[in-house]
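What follows is a single structure, written as structure tokens, with notes after it.
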Protein chains: 2
Amino acid sequence: MDLSSFLTSLGTSFVIFLVLMFLFAWLSGKPGNTVVYYPNRILKGLEPWEGGSKTRNPFAWIKEALSSTEQEVITLSGVDTAVYFVFLSTVLGILVLSSLILLPILLPVAATDSGDIKTNSTTSNVTFSDLDKLSMGNVKGKSPRLWAFLLGVYWVSFVTYFLLWKAYRHVSDLRAKALMSPDVKPQQFAVLVRDIPTAPEGPNRKEQVDSYFRTIYPDTFYKSMVVTDNKVVNKIWKELEGFKKKLARAEAVYAASKTTGNPEGTKPTNKTGFLGLCGAKVDSIQYYTEKVNELIPKLESEQKLTLREKQLNAALVFFTNRTTAASAAQTLHAQMVDTWTVMDAPEPRQVLWPNLKIKFFQRQLRQYVVYIIVALTIVFYMIPIAAISAFTTLDNLVKLLPFIKPVVKQSALKTVLEAYLPQLALIIFLALLPKLLYALSKAEGIPSHSHAIRAASGKYFYFIVFNVFLGITLGATLFSTFKTIEKHPNEIVTLLATSLPGNASYFITFVALKFFIGYGLELSRIVPLIIFHLKRKYICKTEGELKAAWFPSDLGYGTRIPGDMLIVTIVLCYSVIAPIIIPFGVLYFGIGWLVLRNQALKVYCPAYESYGRFWPHMHVRILAALLLYQVTMLGFFGVKKFYYAPVAIPLPILSLLFGYICSNKFYRFFQDTALEVASHELKEIPNMEQIYRSYIPPSLSSEKVLDDDQFEDAKSNVSRTASFA
Amino acid sequence: MDLSSFLTSLGTSFVIFLVLMFLFAWLSGKPGNTVVYYPNRILKGLEPWEGGSKTRNPFAWIKEALSSTEQEVITLSGVDTAVYFVFLSTVLGILVLSSLILLPILLPVAATDSGDIKTNSTTSNVTFSDLDKLSMGNVKGKSPRLWAFLLGVYWVSFVTYFLLWKAYRHVSDLRAKALMSPDVKPQQFAVLVRDIPTAPEGPNRKEQVDSYFRTIYPDTFYKSMVVTDNKVVNKIWKELEGFKKKLARAEAVYAASKTTGNPEGTKPTNKTGFLGLCGAKVDSIQYYTEKVNELIPKLESEQKLTLREKQLNAALVFFTNRTTAASAAQTLHAQMVDTWTVMDAPEPRQVLWPNLKIKFFQRQLRQYVVYIIVALTIVFYMIPIAAISAFTTLDNLVKLLPFIKPVVKQSALKTVLEAYLPQLALIIFLALLPKLLYALSKAEGIPSHSHAIRAASGKYFYFIVFNVFLGITLGATLFSTFKTIEKHPNEIVTLLATSLPGNASYFITFVALKFFIGYGLELSRIVPLIIFHLKRKYICKTEGELKAAWFPSDLGYGTRIPGDMLIVTIVLCYSVIAPIIIPFGVLYFGIGWLVLRNQALKVYCPAYESYGRFWPHMHVRILAALLLYQVTMLGFFGVKKFYYAPVAIPLPILSLLFGYICSNKFYRFFQDTALEVASHELKEIPNMEQIYRSYIPPSLSSEKVLDDDQFEDAKSNVSRTASFA
């Protein structure tokens, strides 16, 4: 890639970003769009923007984002979001501090050398442009100037250690503060019990669980809820809810038809056959009312049946105080470790019910099977990606598809295509994977949504680093040096080191594309806006349907964090080789921080709260990126035939040591709740019944309203213990 | 080694064993020796032997050992001893079951083949005798007869899995039964707290600890005891105790002198200078009385000072029930994992006080440093041992020391020397190590004596297997094939496999020596008997001194178990190659079981009780021996050029899987106390004050008797919480 196509790429991206930003400023001011641009504030019962005036500065959001405090983020979007901002600002800090030393020193040192590009270009087979004069590739082998680069690696490493340590401590405090908060949170009073052994006497697990926990916790045990197999009842309940919605919709249509000059109105009709396309035509309101009335008793009898007969080998157990629950989740209860496994209860909204029944050894087996599948996926995805990055250059495309030649001949178009084609192919390709990884993680038997997302995100990170970073870097070189690899497969570090400089401009464009276009689209919310307006106009008839149309998603950590991690890995790995990449990294995380701060405060609504459990994952992965960087640099100094390259050997060891100490000092608190934290006093005496009910799945809870005693009775004949409530 | 020296060695050992056994039968019947042969029963307040008649069958002990139940062992010698017998009988079971199939099948299969000894002996350089005709070395390469040996490996492996699984379950039940027993045991009500952070206000840690735990456990916290730096007070206390003993001794001597015709008696005197050899001559009674009176106030003031000023960063915390203590020991208390570390309290008698103050990361650092030192020791001990096993053959000795030639020329002597010399050298060499390993394990910062012994024992096992087994096996071959090794260092498995058959007779002699001589000495207790009688006659003057002279030690697991493990490893590894070794293994564990059952019931007195925590170590090490065996056999089948050798590949994988499943299912209960076990009801309401006092070190407890309030007062000004007692 030459300089002109590089600059064109940057320029176009920037223009698109500006357009999107102005679009945002214009569209977000319109009152009809507030539900798209401020849904989180609206859901929290706040005014879309403070002051309430309709005409406001279109760039006020920047000021608001900058002046917002961490406490505001926690209040409006939860601890997880605040932790995500700690991540963003930590990486930003690492890059800014690195650039302060690296840019003024390394750029002149590289630019003023005469370079040994010719010897290098034979191996990496990439045309060097003016941009490459600013990189380490321009420094002669064995040159004492390499000392500056070696010390640069040390500087970046120590900055990273320092800021990561500070961040870990800070996140740990955030988590502690959230967990010790005096608000009553149901999950702090409950534990999840799995692998309940089959009792000899029969199916009533409820009594078994109750007597087991009452013996161990005579004073603090409140009640237990045995997990049931809800497959059938869920199906009926969904059907019922569907008919209820359709009924409401039909009534809304009927009411709407009344006003327009027709005081009787037209009763809506529908066909009863497949997808409403065939079958007898019936009056919708009457038909759906019938259906609803039919299903309600069916649901009720199925609910009773489920509660009585379909009890599984898992339960939720409730305690009257937080300390006992926190302590129970960490302790061994049964002599055989694979029975009565007790763990933290997930939040009610994020329990993955179907996973709870999976047994101890089956969980471990599933985990290993999933790991193997993921490892295979990582390896075999590499082949098409390497092929794509090699074939989607224009020259190759023209060779393969000669009919596109006339289109490509136009110079301007050619430059744009050349700049974007490979990256676009890559981005589209990557969008297919996360759902697969989430499904695989769920199949491991993980009990909570957030945990499954963390697991999927971790897999995605390794995937993305191995395939995108290593794949692109090595893929370009593989075509020229395929035979070398075959002969010396253990020289992969050297190969990586030689390939890196040639790909610097590729990755700079990649980063720029990601932040200009990615964050531009993020901020402007063009796609959700269009979808919302289309839905509102043509589909939504009731209030509920309208709310569902604008209801915001969450920040989507599962794919967002691995994406950010890829940028961290790229920028770290190039930080010393081509320091010019650092400003782009700073822009990525700077603009990202700003745009996402706005989105977190105003748009997204978290789907769950894990109290910062994501942090250790991020921490380990930043360290993994640093380690990759250090090892690559060791190889690169070797390629440059620098005699003092071994001076960098302590760095990877130091990184491992740092990781070890951090995980020993901080990690366990992210797995278990420390008792000194859980034992803080509550604001009010907890309403245990309410806590208990918050865990009843919706498909079973309808009965509760109808016939509470029945529910109580069906679940157990054991009288309640005296609770503190 | 030829057949005649092999038989001589066996014969001599057997004769010595018979002599020792008759000696035991004769000596143990003498009333004056009961304290040597029945100290455990005497200490438990029982008659030396049942029935009480003086003349009894000299072989009654065999009947008594055989008819004793596991419950008797637990009552008289504790759970640890019972677990040790589970180990012995499990290994015995493995060997007996293996021999049932292996002996009748493999011996004929091997003996009837013509053998390819000549091709083999060029590599292993050992003279083959008639004995070797019974071994796998006698089977031709590529012969289909090797199938029998391969299936033999499978049989041994599955027998081992089956019996180990049963044993693990049984030991887990033994542990559970002991832990849920209704007797009050102080360690079940206490936890050990380490890494207490420095409080900002000052030195009074007691209040800090009290308030911390009272917040978390408002209902069940009883009291805390801050660990103090007892160095000085211990020194004074020891000095005082020494003088008290000397005073008692002087008084006894004086009393004894009165009776012998001299009604006034002679007052004993001593010199005050160095070791009582120089200095002024003084009246002993007067002198020691003065010294005691001098030291008592000094001790008291030092005790007060210690309790007030020398509080360390560790404490024992007491709870009013077992469940809370068990739960507290497993849970995370502080947000920072390296502060307020809570763990199980050791028994009062086995606390390693000086280790308690060592900090979190320092403990881990110490552990790694110790591991490195041990690894170096293991590697560098190998060199002298290999040298010894090569040089202590008679031929080599004669070459080196020509003057011993006339001695060696006598045929009978030569045979005996040839049989014993290498083994004796080895046994003496090994006796030097355990103390070093125990000291190293203590230096890791382990808080309890039993844990340190387990750690030392684990190290000793690896040492003994690597050095004795691999060292001897490879050492003999190393001299002939040193150059092969240098060129192909990765062929160590093949080398091991080729070396094994040549050493079979060496190890058979080794096993026989160990059980005939070892258990003969063990049973007859010749050495302790002689020492006791010498002490009684010439040294002991008071009752206390006499009791100290016969007071029994414990079973000495630290060295006993690795020794047994070595035999397990040897017998397993040779079980298929030279099945004739199995009967010797059976004899070792059979005689061992019988002799030690006698010793456990009548002689040894356990120094601590860890409720079977030794078992997982033993289990893992038996599995490690099995794994070594399977890998060696794989190599051996390869050496025999057996085409179907890969059929044995699943075995090592199966062993790893079996180990993984066992450790997942059972192991955690050996680390933590399961709450369902701890929550069993007690026989009586625990006397908390007594539990608390049992942990006061003797050097501090003397004051308690003198001035209880002072003690209470010095430790804390916080009033006691209402206890359940």
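The values are calculated or read from the model by the stated rules, or taken from the named source; none is laboratory data. Please read these numbers as outputs of a predicted model, since none were measured by experiment. Note that we place each Cβ from the backbone using ideal geometry, even for glycine, and neighbour counts take in every protein chain shown.
Here are the numbers for this structure:
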quantity: Hits in segment A:529-561 (condition: in contact with a helix residue (DSSP H, G or I) (Cβ under 7 Å, 6 or more places away or on another chain) and under 20 Å from A:LEU432 (Cα atoms)); calculated: A:LEU555, A:TYR557, A:GLY558, A:THR559, A:ILE561
quantity: Flag if A:SER157 is surrounded by 20 or more Cβ atoms within 10 Å (Cβ to Cβ), within 14 Å of chain B (Cβ to nearest Cβ) and not hydrophobic (A, V, I, L, M, F, W, C); calculated: no
quantity: Subset of segment A:142-178 (residues that are in contact with a helix residue (DSSP H, G or I) (Cβ under 6 Å, 6 or more places away or on another chain) and not in a helix (DSSP H, G or I)); calculated: A:ARG145
quantity: Residue check for B:LEU365: within 14 Å of another protein chain (Cβ to nearest Cβ) and more than 30 Å from B:GLU676 (Cβ to Cβ); calculated: yes
quantity: Filter pass, B:ARG205 being among the charged types (D, E, K, R) and within 12 Å of another protein chain (Cβ to nearest Cβ); calculated: no
quantity: Residues of segment A:601-615 classified as over 14 Å from the mean Cα position of the chain (by Cα) and either under 24 Å from A:ARG169 (Cβ atoms) or part of a loop (DSSP other than H, G, I, E, B) (or both), total; calculated: 2
quantity: Qualifying positions in segment A:1-42 - over 15 Å from A:PHE515 (Cβ atoms), of a type in the set (S, T, N, Q) and at pLDDT 80 or above; calculated: A:THR8, A:SER28, A:ASN33, A:THR34, A:ASN40
quantity: Among (1) surrounded by fewer than 20 Cβ atoms within 10 Å (Cβ to Cβ); (2) away from chain A (no Cβ under 14 Å); (3) of a type in the set (Gly, Ala, Ser); (4) under 27 Å from B:GLY558 (Cα atoms) - the single one B:SER663 does not satisfy; calculated: (2)
quantity: Some residue of segment B:353-360 being within 14 Å of chain A (Cβ to nearest Cβ) and among the basic types (Lys, Arg); calculated: yes
quantity: Members of segment B:165-178 found to be away from chain A (no Cβ under 14 Å) and buried (at least 22 other Cβ atoms within 10 Å of the Cβ), listed by number; calculated: B:ALA167
quantity: Residue within segment B:411-424 that is assigned to a helix (DSSP H, G or I) and at pLDDT 75 or above present; calculated: no
quantity: Among residues of segment B:179-193, those that are in a strand (DSSP E or B) and more than 14 Å from chain A (Cβ to nearest Cβ), counted; calculated: 2
quantity: Condition met for B:LEU596 (in contact (Cβ under 8 Å) with a residue 40 or more places away in the chain, out of contact with any Asp or Glu (no Cβ under 7 Å at 6 or more places or on another chain), within 24 Å of B:ALA455 (Cβ to Cβ) and assigned to a helix (DSSP H, G or I)); calculated: yes
quantity: Residues satisfying the stated conditions in segment A:648-693, i.e. hydroxyl-bearing (Ser, Thr, Tyr) and touching a strand residue (DSSP E or B) at 6+ places or on another chain (Cβ under 9 Å); calculated: A:THR673, A:TYR692
quantity: So A:LEU332, is it in a loop (DSSP other than H, G, I, E, B) and either within 14 Å of another protein chain (Cβ to nearest Cβ) or closer than 19 Å to A:PHE221 by Cα (or both); calculated: yes
quantity: Matching residues, segment A:574-603, being surrounded by fewer than 24 Cβ atoms within 10 Å (Cβ to Cβ) and basic (Lys, Arg); calculated: A:ARG597
quantity: Within segment A:353-410, tally of residues that are crowded, with 17+ Cβ neighbours inside 10 Å, at pLDDT below 70 and not hydrophobic (A, V, I, L, M, F, W, C); calculated: 2
quantity: Only listed residue being among the small types (Gly, Ala, Ser), on the phi > 0 side of the Ramachandran plot and in the same structural domain as B:ILE94 (by TED's automatic domain parsing), chosen from B:GLY563, B:GLY612, B:GLY558; calculated: B:GLY612
quantity: Breaking point among (1) at pLDDT 90 or above; (2) buried (at least 18 other Cβ atoms within 10 Å of the Cβ), for B:GLN71; calculated: (2)
quantity: In segment B:335-348, residue farthest from the other protein chains (Cβ to nearest Cβ) [restricted to those that are under 13 Å from B:ALA190 (Cβ atoms) and either under 21 Å from the mean Cα position of the chain (by Cα) or surrounded by 20 or more Cβ atoms within 10 Å (Cβ to Cβ) (or both)]; calculated: B:PRO348
quantity: Residue, nearest to the other protein chains (Cβ to nearest Cβ), within segment A:208-234, restricted to residues that are basic (Lys, Arg) and more than 15 Å from A:LYS310 (Cα to Cα); calculated: A:ARG214
quantity: Sole exception among (1) surrounded by 17 or more Cβ atoms within 10 Å (Cβ to Cβ); (2) within 14 Å of chain A (Cβ to nearest Cβ); (3) assigned to a helix (DSSP H, G or I); (4) β-branched (Val, Ile, Thr) for B:ILE653, by number; calculated: (1)
quantity: Residue that is surrounded by the fewest Cβ atoms within 10 Å (Cβ to Cβ) [pool: residues in segment A:194-234 that are part of a strand (DSSP E or B) and aliphatic (A, V, I, L, M)]; calculated: A:MET225
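Here's the yes/no breakdown for (1) outside any loop (DSSP other than H, G, I, E, B); (2) closer than 25 Å to B:LYS359 by Cα; (3) at pLDDT below 50:
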position	(1), (2), (3)
A:PHE666	yes, yes, no
A:PHE670	yes, yes, no
A:ILE696	no, no, no
A:PHE711	yes, no, yes
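For (1) touching a residue at least 12 places away in the same chain (Cβ under 8 Å); (2) assigned to a loop (DSSP other than H, G, I, E, B), each residue gets a yes or a no:
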{"site": "A:LYS258", "(1), (2)": "no, no"}
{"site": "A:ASN262", "(1), (2)": "no, yes"}
{"site": "A:LYS291", "(1), (2)": "yes, no"}
{"site": "A:SER301", "(1), (2)": "no, no"}
